[in-house]
Structure formats: structure tokens, C-alpha cells
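To start, the structure under review is shown below, and the notes come after it.
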Ligand code: NAP
């Protein structure tokens, strides 16, 4: 069962004093989520693979008067467990805890039948979209336990709820993302202050959407800013007690 909370209005200080890590924070939905979280009081840790993009988001947050962010340059396609452990140590030393983790980074891979799908591309999509999210979650769980109410948000997709021809590893990776969210949510249920949920953004105006639908007029597509109510609701304390749910950001 999907949930919607598109009419949520977040208080201006919803995320005051919270430490929130956003993956894929340099572009698209992640960029807007990082800026939105900072605008609501959070100190944001910007994780991504393209440093100039992360620096631009850093500058925009500072210029808007937000708390000084942190930048974590990481290529999730190649990241090793030891590097994730090291990153978690750095977050621990700097902040001592993590209040929120938005798994947003993702890649589309090929749009082609299974019969033609490149083996190496399949593995890379699964690595970035699923394996890295597992590793980062595992590395950050002790820090999330130090939060009064740690929120982990996974990013799904419509093709991760119902399979669709030619969407290959992307579709399968989003099913796996829902599975990872559900397993984690069941494990923390009743025994931890951590909660885990997923968001299907729906069609959103980003580079990924344009790559998937090149003939579409981007002006007709919902902007990342418009889907932020769900991202705010699930990250802030108004969603304490909500666990294991799948949300559609566009209803
Ligand atoms: P996007 O504009 O392509 O942004 C993807 C982000 O992920 C970028 O910041 C990108 O960094 C980062 N990323 C990709 N590979 C990475 C890697 N190996 N290591 C670290 N970071 C990496 O896509 P988007 O539309 O904002 O998508 C965000 C999430 O929403 C994804 O999980 C996507 O599957 C999901 N989603 C999007 C839509 C939609 O319509 N847009 C619909 C359903 C679900 P670079 O900029 O440096 O490449």
C-alpha cells in the first residue's frame, strides 16, 4: 500500500540542529533536497561523485544563510566497505551522530530488453542503486542509533513497484531498494529509534528524466521543488512512528 502526504507544510525550523546526509546531492532531486533540508535548519552532509557540483550546492546553502555543510566526495560505483567505514568515522568525529540519511543517488543504466542488456552495466546499476545503499546504511547505523529519532529514506520508482519492459537493472534495483527498506524497517521496529521508509518521486524534471524520456517537454514535468513536502515530512519529527512505508511524492 502506497501512502501520500503531498499537502504537508513543514515548520520553518523542522530540521533545526539535525545532521542529515544526502547522497547524489550535487544534482537533480538530491540537490534540491539538500538545499531544502538546510533551509529548514539542518546541517547537511553532501555526498556525491562530482566535486564541483557539490561545491556549488555548498555555496548556495551558505549564501542562503544555512548551516555550514560538509562535502563527502564518493563514487558509489567503486566504493569499498573500508571507505564507507572510514566515512562513518569522519562523520562520528565531526558530529557524533546522524539524524537522517537520504539515499537518493541513482543511475538509469540501459533501456533495452534483458536479452541485450550488458552484464557489466547491470552490475554497475545494482552496485550504485542497491549495494552502495546497503553499505552506507550499514556503516551509518551506529551513528543513526545515536540520534533521538534517526530517519532513513530510500528512493524508489514506479518501475520498482511494477516491472516494466526494457527498464532492466534500474527496475530490478528499485524493487531491491524497497526490499532493503522493508527488511531494515522490520529489524528496527520496536527496538530502535530509527525508522526507514521509501519515496517514489514520480516523474520529476531532472537529467535522469530527460535521459529516459528525450521526446518529453521538460516544462510539462513536475519540478524537484514541488515534491519536497514528502521529503521534509519523512525527515522531520512529524513522521516519528512511521516505519516501513512506501510514499508517492506526487500522490
Ligand atoms: P539525476 O538528476 O541523474 O541525479 C542523480 C544523482 O546521483 C546525481 O547527483 C549523481 O551525481 C548521483 N550519482 C549517480 N551516480 C553516482 C555515483 N556512482 N556515485 C555518487 N553519486 C552518484 O537523477 P534524479 O532524477 O535527481 O534521481 C534521483 C533519484 O530519484 C534516483 O534514485 C532516481 O532513480 C529516483 N527517481 C527519479 C525520477 C525522476 O523522474 N527524476 C523518478 C523516479 C525515481 P552526478 O551529478 O555527479 O552524476
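Counting only alpha carbon atoms, the long axis of helix 168-188 and the longest principal axis of the chain meet at about 30°. Seen against the Cα atoms of the chain and their longest principal axis, helix 81-95 is set at about 30 degrees. Counting beta carbons within 10 Å around each of 1, 126 and listing the fewest first gives the order 1, 126.
Counting other Cβ atoms within 10 Å as a rough exposure proxy, the listed residues 111, 205, 195 run 111, 205, 195 from fewest neighbours to most.
The packing ranking, built from the mean of other Cβ atoms within 10 Å per residue, places the peptides 182-194, 43-55 in the order 43-55, 182-194, highest first. Report, to the nearest 10°, how far helix 28-39 tilts away from the longest principal axis of the Cα atoms in the chain, using its own Cα long axis and a range of 0 to 90°. The two axes meet at around 10 degrees.
Footprinting exposure proxy ranking of 138, 162, 245, fewest other C-beta atoms within 10 angstrom first, gives 162, 138, 245. Derived value for region 2-248: Kirkwood hydrodynamic radius 18.0 Å. Basis is the mean of 1/r over every pair of different alpha-carbon atoms. Extending 7 Å from Cα along the Cβ direction at residue 192 and again at residue 118 yields two label points whose distance is 3.6 nm.
Just so you know, all these numbers are worked out from the coordinates, no wet-lab data involved. Remember, predicted model here, so these are calculated numbers, not experimental data. Note: ideal-geometry Cβ built from the backbone for every residue, glycine included; neighbour counts use all protein chains shown.
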